[in-house]
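To start, the structure under review is shown below, and the notes come after it.
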Amino acid sequence: MSAAWWRRLRAYLTPPPLADEPWRRALDACPLAQRLDHHRQRELRRLSGVFLARKRFHALADAALTDDLCTLIAMQACLPVLKQGPSALRGWRDILVYPGEFKVKRSHHDDRSGVVTEGDDVLIGEAWEHGPLVLSLADVQLDLAQPWDGFNVVIHEIAHKLDMLDGPPDGVPPLPPHIPRRQWIVAFQRAFDLLSNDVARGRDTLIDPYASESPDEFFAVVSELHWSQPGVLRRADAAVAELLQAYYGVSPAEG
């Protein structure tokens, strides 16, 4: 095998951390990363270099996607895997970026009547099992401008990707040894059921009602809260907040 082939292989297996200038520009634009301690910033810089080396960005519908924006997306995508490492980003390669909201055609089968209906969902993000990550650039930029409002589309979709590492999304990602799987399932199911009941009764909730759509959406929504409004999450459900801190690490919003 040629020397050039070996160099490409080494670059893929051990990509360098982000270079100084792109790192500094991204850090200046990402408050979530600014509040990490030095050790976690160093790890984030390393992971972001791996992400950019192994993933491919595609600008759709004339999205104004710059290198700096790609770096900022990579940085936010790597926040949820600071404790899990780059292997948690395995199984997919492409990031599709639209300028804003995008439409996805859905089919719904009614089990009772057997009728299939079709319609368009308007989304700001989507994650496919073994497929791409899809993002609205306008919402990525909004999250950077308003980092502590409880929402982050990149983190939401990466949570789905983590959830799908062991199969179809169910709100239970592969867990490290220090988090008992049963404890996670019991706490998250209880919190999901309570939220679903409150939403069905029209009550105001601290957690976005969208989380009541399904257990996997609940996990993704509370992941957003962990990173941007952990105090709200703790008031909503202390057990879920504690488990997410064990899974993701301390939120930079606590700093």
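What follows draws every value from the coordinates through simple rules; no lab data is involved. As the structure is a prediction and not an experimental result, all values here were calculated from the model. Glycine also receives a Cβ, built like all others from the backbone with ideal geometry; neighbour counts cover every protein chain displayed.
Details
- Per-peptide average of other Cβ atoms within 10 Å, ordering 178-191, 41-54 highest first: 41-54, 178-191
- Candidate values (1) -0.21, -1.30; (2) -0.25, -1.42; (3) -0.28, -1.26, label of the one derived for log10 I(q)/I(0) by the Debye sum over Cα atoms at q = 0.07, 0.17 Å⁻¹: (2)
- Each label was represented as a point 7 Å from its Cα along the Cα-to-Cβ direction; for residue 142 and residue 232 these points are 1.3 nm apart.
- Label-point separation, residue 175 to residue 245 (7 Å along Cα→Cβ), nm: 1.7
- Amide H within-cut-off set for residue 57, under 5 Å, with H built and near neighbours excluded: 95
- Cα long-axis angle, helix 67-78 against the chain (0 to 90 degrees, to the nearest 10): 60
- Cα-projected label distance for residue 185 with residue 198, points at 7 Å along beta-carbon direction, nm: 2.5
- ³J(HN,Hα) computed for each position of the range 141-152 - Karplus, 6.51 cos²θ - 1.76 cosθ + 1.60, integer Hz, glycine/proline x: 5, 5, 5, 5, 6, 10, x, 10, 9, x, 10, 7
- Packing, taken as the mean count of other beta carbons within 10 Å per residue, orders the peptides 208-219, 21-32 from highest to lowest as 208-219, 21-32.
- Residue-averaged 222 nm ellipticity for the chain, from DSSP H runs of 4+ at -39500 (n - 2.57), nearest 500: -15000 deg cm²/dmol
- Global form of the range 22-91, assessed from the alpha-carbon gyration tensor, a/c cut-off 1.5: oblate
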